[in-house]
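The values are calculated or read from the model by the stated rules, or taken from the named source; none is laboratory data. These figures come from a predicted structure and were not determined experimentally. Cβ atoms come from the backbone with ideal geometry, glycine included; neighbour counts cover every protein chain shown. In case anyone asks, the SASA skips ligands and DNA or RNA and just uses the protein heavy atoms, side chains included. Shrake-Rupley method; radii C 1.70, N 1.55, O 1.52, S 1.80 Å.
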Amino acid sequence: MNAPNKSGWKPEMAATSEDGLHNGPATTTGNRALMLEEPLLFEIGHADETGVDLPEPAADAANRLGGFDRDTSIGLKGLHEPEAVRHYTRLSRQNYGIDLGLFPLGSCTMKHNPRLNEKVARMPGFADLHPMAPQSTAQGALQVIHELGEWLKTLTGMPGVAMSPKAGAHGELCGILAIRAALEARGDARKVVLCPESAHGTNPATAAFAGYEVEDIPATDEGRVDFEALKARLGPDIAAVMITNPNTCGLFERDFKKIADAVHEAGGFVYCDGANFNAIVGRVRPGDLGVDAMHINLHKTFSTPHGGGGPGSGPVVFSDALAPFAPLPFVKQEDDGTYYLVEEESREHRGPSFGRMTAFHGQMGMFTRALTYMLSHGADGLKQVSEDAVLNANYVLRSLEDLLHAPYADSGPCMHEALFGDAGFENGLSTLDLAKGLIDEGYHPMTVYFPLVVHGAMLVEPTETESKAALDQFITAFRSVAERAKAGDEGLKQAPYYAPRRRLDETLAARKPVLAWTEPDRD
Ligand SMILES: *Cc1c(COP(=O)(O)O)cnc(C)c1O
């Protein structure tokens with residue numbers, strides 16, 4: 001009989017398959033040792049139960065509703081406290097996070113979030129502050145914003161900074177709006193933004209959102225921007241180029257300065273996508289390379305948490321040419337040391353700012369975490385972060401290049417991430433199969449099918465916080481699954497075998513998400 005029991009568990013939910021691949025019989029609960037099946041809250045609770053004992057309302061209490069009191073049940077499922085706590089605890093155990101194991105996602109830089117950062121961010125003076133609190137009562141918070149901005153200016157060698165953008169893509173928009181404002185201020189109606197083929201999708205999206213036409217810049221065989229092709233396309237219609245450095249093939253753009261000089265000579269601006277700044281922080285100052293605007297993902301480079309829709313923070317640094325157009329608000333310091341916010345064009349500020357990115361001042365929680373990270377590492381520590389990140393990525397690249405197609409392995413050392421392709425996989429096995437096989441080995445998969453310039457791309461970024469032992473274990477697991485893909489092991493097509501769910505229809509889930517729960521027929 002298939003009637004749902006109280007837990008809402010149905011046999012078809014079980015990860016166990018009939019083919020015996022689990023090396024054990026199906027369990028009656030669907031649980032597998034400590035891996036527990038977890039239905040939806042709605043399936044656990046009951047509308048006629050409640051977690052609290054409240055007295056029935058007095059007979060005349062309803063009268064205060066003027067006859068509008070409900071006469072039907074609201075239908076919400078009641079749970080008592082242990083049921084609710086267990087539900088969320090069980091779900092949290094099914095979640096893979098950076099505190100559980102290595103997170104090899106390339107391009108996303110999932111870093112360890114030191115506990116010290118969390119401690120500081122939770123200090124009531126920061127955590128409980130209201131964005132409209134009088135500035136005289138928020139001096140410490142304003143100082144954090146100001147000092148963090150100063151660190152970013154020093155690290156990048158750029159004179160202006162906007163702290164309010166709330167993520168990398170938001171920062172890109174901020175930078176491109178400043179470029180547009182600067183062009184408009186000189187009456188220049190340039191219409192085209194150039195992006196390399198390997199650009200993160202947010203780059204062309206940003207340019208298009210700001211009203212520009214986007215054109216591709218080709219890459220050379222070694223995975224870097226084709227300087228000659230770029231130069232040939234420059235002219236009076238090019239508003240800006242947007243280049244990620246280090247780029248998404250994991251390589252440093254060696255011609256960046258030459259590119260920037262050529263773009264400037266043609267009257268355009270240089271936007272650098274700085275999401276990969278963790279590979280060069282403390283070693284390269286983008287301002288020296290001719291960058292006009294660059295966003296910095298605090299939630300990648302400076303260890304503030306992200307993922308799962310968590311908050312990001314994408315401050316933007318500006319060159320002299322763009323700094324006057326930066327958005328409001330910004331923090332300034334009086335001669336007597338007090339801090340204040342320039343909130344609007346006013347007596348103190350009559351600059352040509354393009355406007356605002358956000359209602360308030362930015363992501364305070366991310367600011368406190370990022371500044372804590374910087375202060376606890378110091379300038380020398382931040383330099384070591386980039387060195388160790390690059391060392392770790394090269395270790396992964398050189399440990400796998402004999403087995404996996406590594407298209408740019410001959411283009412010099414990689415930066416913070418190692419890129420592989422699926423050439424040589426047998427029996428129609430794909431990058432997706434390898435990624436699913438890694439789940440069985442206990443690892444979150446790397447970034448797959450990005451960048452698009454490499455067939456079956458696998459982008460692996462280990463971050464500086466991983467030890468050699470942790471990397472060796474990961475490489476051993478990766479090699480074993482890659483060997484199966486190259487040997488054409490058909491079993492890999494059905495991986496993962498040991499996850500709570502097997503292969504999901506990810507396209508259907510993205511295109512037609514089921515966002516409402518309906519009571520199943522209980523007959
Ligand atoms: C992550 C990333 C972005 C976008 O940053 P978000 O904070 O996710 O908006 C842009 N470019 C590159 C190269 C990135 O890695």
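Among the residues making up the range 130-143, those that are open to solvent by 60 Å² or more (accessible area, probe 1.4 Å) and either outside the structural domain of Asp273 (by TED's automatic domain parsing) or not in a helix (DSSP H, G or I) (or both) are His130, Met132, Pro134. Among the residues in the range 76-94, are any surrounded by 14 or more Cβ atoms within 10 Å (Cβ to Cβ) and closer than 30 Å to Phe325 by Cα? So far as the range 76-94 goes, no, none of its residues is surrounded by 14 or more Cβ atoms within 10 Å (Cβ to Cβ) and closer than 30 Å to Phe325 by Cα.
Right, Pro114: within 16 Å of the ligand (Cβ to nearest atom) and either farther than 27 Å from Leu434 by Cβ or not small (Gly, Ala, Ser) (or both) or not? When the stated conditions are applied, Pro114 does not pass them.
You will find that of Ala487, Ala423, Ala499, Ala469, the residue that is under 21 Å from Gly97 (Cα atoms) and in contact (Cβ under 8 Å) with a residue 24 or more places away in the chain is Ala499 and no other. Scanning the range 90-111 for residues that are of a type outside the set (D, E, K, R) and within 16 Å of the ligand (Cβ to nearest atom) returns Ile98, Phe103, Pro104, Leu105, Gly106, Ser107, Cys108, Thr109, Met110. Pairs linking a residue in the range 253-275 that is within 14 Å of Met294 (Cβ to Cβ) to a residue that is charged (D, E, K, R), with Cβ atoms under 7 Å and 6 or more positions apart or on different chains, are Glu253/Arg224; Phe269/Asp292; Val270/Asp292; Tyr271/Asp292; Asp273/Glu172; Ala275/Lys300. For Lys166, state whether it is within 14 Å of the ligand (Cβ to nearest atom) and open to solvent by 50 Å² or more (accessible area, probe 1.4 Å). So Lys166 fits the description; yes. Among the residues making up the range 436-473, those that are surrounded by fewer than 21 Cβ atoms within 10 Å (Cβ to Cβ), over 18 Å from the mean Cα position of the chain (by Cα) and of a type in the set (A, V, I, L, M) are Ile439, Leu452, Val453, Ala469, Ala470, Leu471.
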